[in-house]
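To keep things clear, I will list the structure first and then write my remarks on it.
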Amino acid sequence: QLVESGGGLVQAGESLTLSCKYSGGTFTWTALAWFRQAPGKEREFVAAMLPTGGATLYADSLEGRFTMSRDNPSETTRLQMDALKPEDTAIYYCAGRPFRATRRAEDYNYWGQGTQVTVSS
């Protein structure tokens, strides 16, 4: 089970950190990812990380503004979002799958309920 938190309303240029708490007992071999879906658009990849941490995949469009991290002892992953833009407005989802991190939503078995991020101009 994945539960996101930390969404909200911010102004352009501000920062926000999302958290995702995992429960299920297999966190240490679960690859985690963040996706987002804006109104009227398809769900898109944001970031993904291997079970061991280390190298992280990011969407090229983020231009280095987002940072994903994971803390295995607390079974939590976070998404630090800086220099937010109105086009970052979306529902952000946390997702998990065994072992291998990918950029494709269809590869992920576990999903959170999503948390709304709204960036005003």
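The values are calculated or read from the model by the stated rules, or taken from the named source; none is laboratory data. Every value quoted in this text rests on a predicted model; they were computed, and no experiment measured them. Here Cβ is always computed from backbone atoms with ideal geometry, including for glycine, and neighbour counts include all displayed protein chains. Just the protein is used for accessible areas: all its heavy atoms, side chains included, with ligands, DNA and RNA removed. Shrake-Rupley method; radii C 1.70, N 1.55, O 1.52, S 1.80 Å.
Annotations for the structure displayed:
- Normalised contact order of the range 9-65, rounded percent, pairs of Cα under 8 Å and 6 or more residues apart: 23 percent
- Counting protein heavy atoms only, the range 19-69 has 53 percent of its accessible area on carbon and sulfur, 1.4 angstrom probe.
- When only Cα pairs below 8 angstrom with a gap of at least 6 residues are kept, the chain shows a relative contact order of 37 percent.
- GLU106, GLU42, ranked by accessible area, largest first (probe 1.4 Å): GLU42, GLU106
- For the chain: accessible area per residue (Å², 1.4 Å): 50 Å²
- Under the combined filter of DSSP loop state and at most 12 neighbouring Cβ atoms within 10 Å, the range 71-121 retains these chymotrypsin sites (Phe, Trp or Tyr not before Pro): PHE99.
- About the Cα centre, charge dipole magnitude for the chain (Lys/Arg +1, Asp/Glu -1 at Cβ), debye: 240 debye
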